[in-house]
1. Check off (1) surrounded by fewer than 18 Cβ atoms within 10 Å (Cβ to Cβ); (2) touching a residue at least 12 places away in the same chain (Cβ under 8 Å) for residue 234 and give me the number that stays unchecked.
2. Considering only residues that are buried (at least 17 other Cβ atoms within 10 Å of the Cβ) and touching a helix residue (DSSP H, G or I) at 6+ places or on another chain (Cβ under 8 Å), look in segment 189-231 and name the one that is modelled with the highest pLDDT.
3. From 55, 73, 39, grab the single residue that is over 23 Å from residue 120 (Cα atoms) and either in the same structural domain as residue 105 (by TED's automatic domain parsing) or without any contact (Cβ under 8 Å) to a residue 60 or more places away in the chain (or both).
4. Looking only at residues that are touching a helix residue (DSSP H, G or I) at 6+ places or on another chain (Cβ under 7 Å) and not in a strand (DSSP E or B) in segment 151-170, which one is nearest to residue 116 (Cα to Cα)?
5. Scan segment 43-59 residue by residue and report those that are over 12 Å from residue 79 (Cα atoms) and within 23 Å of the chain's Cα centre (by Cα).
């Protein structure tokens, strides 16, 4: 039987100073793929006292507190990018409060968006095999994962504009089809395809123009990148303008991928300690549709697509635009700041990348 949650009252000083536990697996019960068969399969690999299932924010907070109190060396999260981001934030915040060393993290690809899983080679629908390899000692590498901050949260990526709008459209389609015989069409890649076709593209065609945006460097010197990801021109100093004009998309990331294998940030790992900022100015819908393959592989270039390496940038829009953080919709903003987090985390590296 799965361990559901342990209340904060059960923490003890002995737990804090006893020997560290080796491995915990944290599952998001609300993730589409975390079903009974997945839970049963993972419970055959991990003792029940180290397998946690959360159904609410309160349960997740209590689990994070226990994970830090037990001093787990490695914590695997099961879900998508939103699940990973949620657990990382809760665990790091608990570790900061306790002045404790945080664990290293692992990813089981059990969500629609698997950007972090793609970076470290965790394979969708092969979570049991991935975890088995780790438990057998066949996976012994970890890699540094830089994080950025947005709206007070640590995350590998965040964005405003088209990417967040598509996410909102996906949630709309999923909600409309939920509880109907067609509900499966609103999930995963099919759901995103319907969202783009039914809402995102028509909106882009009807929109007069993208929102005007000013992007200012508020960190150490930033750099404009060419189509190959190489620095070009002079460094852009603190307080200087990176860009001002119509903006379809402004997104930042420390990992190359969005979900579904989309290599949205091909230069994200070329400058450790900096994020890739990608700005889409004005690119026609027809151009985007004709270049979907190159966009997916990270090979698309265009005069309206600008790339930078930066540490911290502040964005101000003329009108509110949709925001996503770690693949989760976060409402609308007319001002937002993307900045590098104060420290990276370590993530188990399974080797060959899913979408290299």
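1. With (1) surrounded by fewer than 18 Cβ atoms within 10 Å (Cβ to Cβ); (2) touching a residue at least 12 places away in the same chain (Cβ under 8 Å) applied to residue 234, the lone miss is (2).
2. 194
3. Result of the check over 55, 73, 39: 55.
4. Across segment 151-170, the extreme among qualifying residues is 156.
5. Within segment 43-59, 51, 52, 55, 56, 57, 58, 59 qualify.
The values are calculated or read from the model by the stated rules, or taken from the named source; none is laboratory data. Values in this document were obtained by computation on a predicted structure and should not be read as measured data. No Cβ is skipped: glycine too gets one built from the backbone with ideal geometry, and neighbour counts run over all protein chains shown.
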